[in-house]
Amino acid sequence: METQTKNLFTDVRGHAITTDSVAAADAFNDAADKFVRREIDVIPRLQQSLTADPGCAMSQALFGLMLHGARNSGLQPEMISSLQRARAGHAETARERWYVKALENAVTGDLFGLIDCYDNILQQDPTDLLCLVLRQGELFWLGDMQRSRRITDAVASSWNKDTPGYADYLSVRAFDLEETGDYISAESAGRLSVELASHSIWGAHAVAHVLLMQGRHDEGVDWLQGLQGNWQHTNQMKFHLWWHQCLFHLERREYDAVLDTYDHWVRNHEQELIQAVPDLYIDLQNGASMLWRLEHVGVDVDHRWIEMAELVLPRLGDMTSPFTSAHFAMILAAVGQFDDCDRLLQKMHKFHTAAEHALATRYGDAAIPAAQGAVAHRRGDYGKVLEVMMPARHNFWQMGGSHAQQDVFFQLMVDAAVKLGRRQEVETLLGEIETIGFTEPVQRVVYEAARSF
């Protein structure tokens, strides 16, 4: 029996997609570009692709991988459905089959297998920008930015200013460089990304990280204020950039500006994107860590913890992100819901000991001690903070997140050590914070109490 081969359509860099529908191919390629640029209407374009051709395996696979990227266990049934449809769809190329396999690994919790799929794709297609972005995001939340950088190093020779999407490649490259400590190259790549494409929020983000790590807070405020008009079509990533703006204002002791930015952007439920997904993991991380920092420097944050605590309660068993679970503990403790903190920690322990999942070890080695420390700090049990967090602190990278985000847990430890008069622990932690890449941490507002030591 003769088999019919589906048509292959290509994107601007020559990567093929199997479908008989021009509309499906165009919608997929547009969705992929929007995803790379962190734009808001990726899902509608994928849905248009699937309406035109439900058998388009690439669209099904990307849809499922986006659900995985939302890090919400409630989306698991939809991920499984996407995988089933992707397997039944048309995938004529090895690249497409690797994407389907990547979704299979995401569904089963084999996150390292998932990254291996992305590596195989990039070995054959080094300008697959969609794959680069997906891969970096996965490694970021596994805490392995050294591995992320190795690929952007390896594919660099395949990119130049004439390659479509070069500005977006530079933004990926810039963030890898920043998180691995090459601040000069990171800033250069990030600024060039924004120069070539003013909408490049990921390039702007990389530069914001450099400026924070180097203590260049005035430049940080100016940098972000000058670019915010370019992000009208950007997804929730813009709220994270506003969080960075809050960090710069905080270091300048402009606490009213921090609260104003927090209320209008970081956690403003009048924003359509927040209304659409009020409990998005990164938005809750942003909110929790900023409120903790504000309280730490003596600012009254009033009722602001409450709305997040209400969103966290239905998700105590969601073990899709160690870093998020630790922030859940911070939120619940802030409103005095210590019984719920205990329930959360019990679920984290159960996942750590019972789950066959790539994140199980990371919960045990990093997220559980971080969560225990956050709860103990809120209880005023500073000895317990140091008891559980100090031995685990070198594992905190396993929760994922950037150096800037992970820093809140070092702030918890330093504050506890200061309150207990533990000079040696304070000096040790400040030295380690500087080794991580922060310039003169003792000069930062959040470590001001440590100066007397």
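Since every read-out is calculated from the coordinates, none of them should be taken as a lab result. None of these values were measured; they are calculated from a predicted model. Note: ideal-geometry Cβ built from the backbone for every residue, glycine included; neighbour counts use all protein chains shown.
Structure summary
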read-out: Residue (of Gly431, Ile331, Leu311) at the positive-pole extreme of the range 279-453, dipole from beta-carbon charges; value: Gly431
read-out: Over 29 Å (Cα to Cα) - which of Lys238/Lys350; Lys350/Lys384; Lys161/Lys238; Lys34/Lys161; Lys238/Lys347 fall in this group; value: Lys238/Lys350; Lys238/Lys347
read-out: In order through the range 64-81: 3J(HN,Hα) via Karplus (6.51 cos²θ - 1.76 cosθ + 1.60), integer Hz, x for Gly, Pro; value: x, 5, 5, 4, 4, x, 6, 6, 9, 4, x, 8, 4, x, 5, 4, 4, 5
read-out: Computed over the chain, Cα set: Rg, Dmax in Å; value: 22.0, 83
read-out: Using θ = phi - 60° and Karplus 6.51 cos²θ - 1.76 cosθ + 1.60, couplings along the range 192-206 (whole Hz; Gly, Pro as x); value: 5, 4, 5, 5, 7, 8, 4, 7, 5, 5, 6, x, 4, 4, 4
read-out: Sites Leu311 and Gln225, calculated FRET efficiency, Cβ-Cβ separation with R0 30 Å, nearest 0.05; value: 0.55
read-out: Size of charge dipole - the range 213-276 - debye, nearest 20, with Cβ of Lys, Arg +1 and Asp, Glu -1, no other charges; value: 200
read-out: Part-to-part distance (alpha-carbon centres) for the range 70-119 and the range 215-247, which is given in Å; value: 33
read-out: Packing rank of 363-375, 65-77, 405-417, where each peptide gets the mean count of other beta carbons within 10 Å, highest leading; value: 363-375, 405-417, 65-77
read-out: Dipole axis of the chain (+1 Lys, Arg; -1 Asp, Glu on Cβ), positive-most option in Tyr169, Trp397, Trp202; value: Trp397
read-out: Dipole in debye (nearest 20) - the chain, about Cα centre, beta carbon charges: Lys, Arg +1; Asp, Glu -1; value: 700
read-out: Cα centre as origin, Lys/Arg/Asp/Glu Cβ charges: the range 279-453 dipole, Debye; value: 320
read-out: Length added when fully stretched, Gln214-Glu254, from 0.36 nm per residue minus Cα-Cα; value: 12.5 nm
read-out: Evaluated over the range 279-453, the Cα radius of gyration and Dmax, each in Å; value: 15.2, 47
read-out: The chain, relative contact order [Cα under 8 Å, separation at least 6], %; value: 11
read-out: Mean separation of Cα contacts under 8 Å (6+ apart) over length of the range 135-204, as relative contact order %; value: 28
read-out: FRET efficiency, 1/(1 + (r/R0)^6) with R0 30 Å, evaluated for Ser198 and Val445 via beta carbons; value: 0.45
read-out: For peptides 421-433, 199-211, 102-114, sequence by mean Cβ density within 10 Å, most packed first; value: 199-211, 102-114, 421-433
read-out: Over the range 122-192, volume per residue of the alpha carbon convex hull, in Å³; value: 76
read-out: Helix-only [θ]222 nm of the chain, DSSP H runs n ≥ 4, -39500 (n - 2.57) each, per residue, nearest 500; value: -20000 deg cm²/dmol
read-out: Amide H contacts under 5 Å for Gly143, placed H, 5+ residues apart; value: Gly400, Gly401
